[in-house]
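The structure appears below as structure tokens.
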């Protein structure tokens, strides 16, 4: 072959290649891995749910006990999420804005609910809040019962949801220059106005993302809740536990129906998160 | 409004950022604080603006001690180096912010705010960009929005911290001329910080040259450039060649290329590159023998870098005509002669 022709051929072949090698291989592996680990179990669930008769669906969703469990899960997950938004923002603010001895240690503590096995968290919380536990006895004096009530579930879900809010808000706060607050002050804004009109709108997308993540996690949380909730059917029985109960009663179709419903809720939440992130990005400074 | 700074001292731990500064700024003046980084110029600006508190001394704005006034009530327009725009707000909302956060009884009505914002947008020539977000603007546009936002509160003084520092060269030149014209139009007492001597000399009515937390010189651009008070000012305002010489009966004698001996009273002579000439033969006793090391002929003048036998570099700027006349090449042995010089005696040695 003529040397020039060879050189041209070489450039042509190179033209479409990225500098990073192995795109084809890594993409192939990524797709395979995601399919195996994530999509396949979901598809199996969807297939199984599709084969369930309308009767079974109606029977399961019509049952008061199942409805109560689903409603309880949604409600407690939502309340725990809201609590975490308020206090998660406070924790993130303190960790980002102030320097004090032990700050890094405190920062590490935030991840504890991530790292702790949920069953351990559940036992610890139950012991703490039981009528003769440290906090439970104090609450008892005030006439508040925590363990085996809805309040107990909310406590457990708040515990496991906190890191989601803190960790999503922290980088956004870090991103907010002190100059921005100085600018607001020099323009005559009070500290409250600076918080309300400058800081809060800035962190709102992150807060919503954090809330949604905490909510989604709380919706499916099982380990830390079962001990503290007491699992009274119709009262403190959460949706994941309802699935367990159905399985134990060999009512596989019923379990699948509840599971599929939770899957749908999770997917909706996922879309909301993605939408919010896109919305947040669009408003970011280039 | 006039600004009076009296005996201002500021420390950060062991570091003294400002020591005993005195400065008067007249009503309607545009003053540049010029100095290298760490000279305290930004700290001074932030203290005037109330973003920082001084340990000693006072800042008097319009006859009243500003130190006792909360930053929110100071009516100081502050423009930050990195704009500090509120990125979740449109350009319009950014500019309107200062008016909207006023207490209810002082707050202008909605139509009034809208009118004021549009007037300001016209002033900074960004009328069409009102509905955009800061992220959709160029650097120069963002800086003008920041300026309009600061002007919206009808400030008594306008403070700008390296207002053009983050912009590229061309935009920077355009914007500083524009700022000068704007100042002539609105006549607001303004102080801006810069480390760019060209910017300070071109824009300001008066230049305050600072170094190590002290003021080296205050004067008009012509003053500080042509009559520098200290070697630091001379060196900071342009490229400089330093020659060692000796004093004979109080007048300087430059001995070309030879280091002065210990016993002689020494002096330093500062010469700008464009005030040097190159000759092939020794023209005077002050001529320094040197070798051409580098030539840059691209530009209105030709920059020639020479090296003396002692290894000291000399920068010379020649006209294109003179350069062609001399037929210089790298390695040519020549003599460099100062045509005009600035003398600083030994006790002025700061550099």
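The values are calculated or read from the model by the stated rules, or taken from the named source; none is laboratory data. All of these numbers come straight from a predicted model, not from anything done at the bench. Virtual Cβ from ideal backbone geometry, glycine too; neighbours counted across all protein chains shown.
Take the conditions (1) in contact (Cβ under 8 Å) with a residue 24 or more places away in the chain; (2) under 23 Å from residue B:203 (Cβ atoms); residue B:130 misses just one of them, which is (2). Any residue at all in segment B:80-92 that's in contact with a strand residue (DSSP E or B) (Cβ under 8 Å, 6 or more places away or on another chain) and either under 20 Å from residue B:162 (Cβ atoms) or not assigned by TED's automatic domain parsing to the domain that holds residue B:53 (or both)? Yes: segment B:80-92 contains one or more residues that are in contact with a strand residue (DSSP E or B) (Cβ under 8 Å, 6 or more places away or on another chain) and either under 20 Å from residue B:162 (Cβ atoms) or not assigned by TED's automatic domain parsing to the domain that holds residue B:53 (or both). Every test in (1) facing another protein chain (nearest Cβ under 7 Å); (2) surrounded by fewer than 24 Cβ atoms within 10 Å (Cβ to Cβ); (3) in contact (Cβ under 8 Å) with a residue 24 or more places away in the chain is passed by residue B:72 save one, and that test is (3). The set of residues in segment B:111-124 being without any contact (Cβ under 8 Å) to a residue 24 or more places away in the chain and either in a loop (DSSP other than H, G, I, E, B) or away from chain A (no Cβ under 14 Å) (or both) consists of B:111, B:112, B:114, B:115, B:118, B:119, B:122. Among the conditions (1) closer than 18 Å to residue B:166 by Cα; (2) in a loop (DSSP other than H, G, I, E, B), the only one that residue B:140 does not satisfy is (2). The condition of being modelled with pLDDT of 90 or more and within 24 Å of residue A:235 (Cβ to Cβ) holds for residue A:74. Does residue B:33 qualify as being within 23 Å of residue B:148 (Cα to Cα), at pLDDT 90 or above and not in a strand (DSSP E or B)? Answer is no for this residue. Restricted to segment A:214-286, the set of helices (runs of 4 or more DSSP H) holding at least 3 residues that are modelled with pLDDT of 90 or more and within 14 Å of chain B (Cβ to nearest Cβ) is empty.
Taken together, the criteria place residue B:78 among residues that are within 13 Å of chain A (Cβ to nearest Cβ), outside any loop (DSSP other than H, G, I, E, B) and closer than 30 Å to residue B:236 by Cβ. With respect to the conditions (1) touching a helix residue (DSSP H, G or I) at 6+ places or on another chain (Cβ under 8 Å); (2) in a helix (DSSP H, G or I), residue B:86 lacks only one, and its number is (2). Residue B:55 satisfies every condition listed in (1) over 30 Å from residue B:198 (Cβ atoms); (2) facing another protein chain (nearest Cβ under 9 Å) except (2). If you go through segment A:95-132 and keep only what is surrounded by fewer than 18 Cβ atoms within 10 Å (Cβ to Cβ), under 22 Å from the mean Cα position of the chain (by Cα) and farther than 22 Å from residue A:218 by Cβ, you end up with A:106, A:107, A:108.
Taken over segment B:279-296, the criterion of being modelled with pLDDT of 90 or more and either within 24 Å of residue B:231 (Cβ to Cβ) or touching a helix residue (DSSP H, G or I) at 6+ places or on another chain (Cβ under 9 Å) (or both) is satisfied by B:295 alone. Where helices (runs of 4 or more DSSP H) sit wholly within segment A:133-195, those with at least 3 residues that are surrounded by fewer than 18 Cβ atoms within 10 Å (Cβ to Cβ) and more than 14 Å from chain B (Cβ to nearest Cβ) occupy A:134-141, A:150-175. Please verify whether segment B:130-140 includes one or more residues that are more than 13 Å from every other protein chain (Cβ to nearest Cβ) and under 24 Å from residue B:176 (Cα atoms). Yes; the residues of segment B:130-140 include at least one that is more than 13 Å from every other protein chain (Cβ to nearest Cβ) and under 24 Å from residue B:176 (Cα atoms).
Filtered by the rule that a residue be touching a strand residue (DSSP E or B) at 6+ places or on another chain (Cβ under 9 Å) and either without any contact (Cβ under 8 Å) to a residue 40 or more places away in the chain or not assigned by TED's automatic domain parsing to the domain that holds residue B:88 (or both), segment B:135-175 gives a lone residue, B:164. Just one of the listed residues (B:48, B:60) is at pLDDT 85 or above and either assigned to a helix (DSSP H, G or I) or within 14 Å of chain A (Cβ to nearest Cβ) (or both), and it is B:48. Just so you know, in segment B:165-216 the residues that are under 9 Å from the mean Cα position of the chain (by Cα) and part of a loop (DSSP other than H, G, I, E, B) include one that is modelled with the highest pLDDT, and it is B:204. Going by what's in this entry, would residue B:328 be described as surrounded by 14 or more Cβ atoms within 10 Å (Cβ to Cβ), at pLDDT below 90, touching a strand residue (DSSP E or B) at 6+ places or on another chain (Cβ under 6 Å) and more than 25 Å from residue B:236 (Cβ to Cβ)? Criteria met by residue B:328.
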